[in-house]
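The block underneath contains the structure these notes are about, expressed in structure tokens.
Where a number appears in this text, it was derived from the coordinates with a stated rule and is not lab data. All values derive from a computational prediction rather than experimental measurement. Because the Cβ atoms are built from the backbone with ideal geometry, glycine has one as well, and the counts that use them run over all protein chains shown.
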């Protein structure tokens, strides 16, 4: 299917239908990459009967070209660099470290805001579906996977509505299972594949996490 999703909620419902084989598994956990991945993951977790949590990852943008990722950081102190970008643009280590420090502060702010004092859900030995609203370079998702692997989950499944084909294949080679509803060529930009790609707010993230927690407790 190469068509636009109406919004992240519709994309999440369609992605959930693709993942129904995981429904009601007792060890299943859905992790969303905030902020845009949360509305998608909420629909997936609801449909599959799984608890939902966030896994905070921050892109390391090239100064002056912030949309271009030179890497990413994730919870647990993990940093993944896009060495091809770093080499081609000759980005100094000091610049990388400065951007990393700035993004670490934002990562900690978001973790406190979204989770408060609630501890992160334990992923050890569990089947973890990691959800985002799309996959372009894959740097952000690679950082998330590297961090998650340190917690020794039983299985990691990456699930996104739309992805760049080569990034999708590279992740599949790395972890085995990647669910991509569509891989249009050329991708150009993830937002082009949504009618409504307005920014997900912190308040929306907190509301969806609270709704998911209530659903899980019922």
Per-residue ellipticity at 222 nm attributable to helices in the chain (runs of n ≥ 4 DSSP H, -39500 (n - 2.57) apiece, nearest 500 deg cm²/dmol) works out to -13000 deg cm²/dmol
Per 10 Å bin, what percent of the C-alpha pairs of the stretch 1-57 does each bin hold, from zero upward?
-> 27, 52, 20, 1
Over the stretch 8-212, relative contact order from alpha-carbon pairs under 8 Å, at least 6 apart, % = 24
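Which order results if 142, 115, 126, 152 are arranged by neighbouring Cβ count within 10 Å, fewest first?
So the residues, fewest neighbours to most, are 152, 115, 126, 142.
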Quick one: of the DSSP bridges fully inside the chain, what percent are antiparallel, nearest 5?
-> 35
For the stretch 153-172 and the stretch 48-85, what is the separation of their Cα centres, given in Å?
-> 15
Work out, step by step, the length gained on full extension between residue 214 and residue 115: first 0.36 nm times the residue separation, then minus their alpha carbon distance; give nm to one decimal.
-> 34.2 nm
A correct fewest-to-most ranking of 98, 183 by other Cβ atoms within 10 Å would be 98, 183
Tell me, 111, 103, 43, 67 in order of fewest to most beta-carbon neighbours within 10 Å?
-> 67, 111, 103, 43
Peptides 27-35, 165-173 ordered by average Cβ neighbours within 10 Å, highest first | 27-35, 165-173
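Using a Förster distance of 22 Å, how high is the FRET efficiency between residue 174 and residue 89, based on the Cβ-Cβ distance and rounded to 0.05?
0.35
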Debye intensity ratio I(q)/I(0), log10, the stretch 152-201, q values 0.23 Å⁻¹ (C-alpha model) | -0.87
